[in-house]
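The next block holds one structure in the form of structure tokens; read it before the comments.
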Amino acid sequence: MIADQVEEARAAAAGIAEALDHVGVLTVEFFASADGPVVNEIAPRVHNSGHWTIEGAFTSQFEQHIRAICDLPPGSTALAASSVVMANLIGDEIDGWQALLSDPRAHVHIYGKGAARPGRKMGHVTRLTLK
């Protein structure tokens, strides 16, 4: 069901950006539903939905943002690996994060927040499979 909604979601995101006459990074987060994609959140900035780009794309969302606001050409959004998967570390999933470092494909990001609580995003790990 999700794969079937990708093109519709892309078209909706492009329509939103055009309607806003937006320049720069724009995140449009969707829920996949039985009736098609539903917009959950719009963020006119870099966003945690794209943190995987730090290691996973040739040009990260952070660099793309700077390029856009400095009127520089965009960088390549191509994947830097054959597979990129990001997982959030929520609540007490942060406990034992050091064990994640035993995986040479894992890039661990700990946000330095205070106490872990249920539902609180504490960090993320991005895993790359090289070509």
Legend entry - Exposed-loop-free span, longest in the chain, where chymotrypsin sites (Phe, Trp or Tyr not before Pro) count as exposed if DSSP calls them loop and at most 13 other C-beta atoms lie within 10 Å: 1-57
Inset, instruction - Please order Asp21, Asp103 by the number of other Cβ within 10 Å, starting at the fewest. - result: Asp21, Asp103
Legend entry - Residues whose placed amide H lies under 5 Å from that of Ala57, excluding near-sequence neighbours: Ala80
Legend entry - Order of Ser60, Ser49, Ser82 - criterion: other Cβ atoms within 10 Å of each residue's Cβ, fewest first: Ser82, Ser49, Ser60
Legend entry - Size of electric dipole in the chain: Cβ of Lys, Arg +1 and of Asp, Glu -1, about Cα centre, debye, nearest 20: 500
Inset, instruction - Would you please give the residues with an amide H less than 5 Å from that of Ile90, counting only those at least 5 places away or on a separate chain, with H modeled from the backbone geometry? - result: Met122
Legend entry - Inter-probe distance in nm under a simple model that places probes 7 Å from Cα toward Cβ, at Gln98 and Ala81: 2.3
Inset, instruction - Kindly express, to the nearest 10 degrees and within the range 0 to 90, the angle between helix 6-20's C-alpha long axis and the longest C-alpha principal axis of the chain. - result: 60
Legend entry - Order of Met122, Met86 - criterion: other Cβ atoms within 10 Å of each residue's Cβ, fewest first: Met86, Met122
Legend entry - Unit charges at the beta carbon, dipole of the stretch 1-45: most positive-side option, Gly15, Pro37, Thr27: Thr27
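Where a number appears in this text, it was derived from the coordinates with a stated rule and is not lab data. What you see is a predicted model; the values in this text were computed from it and never measured. All Cβ positions, glycine included, derive from the backbone under ideal geometry; neighbour counts span all protein chains shown.
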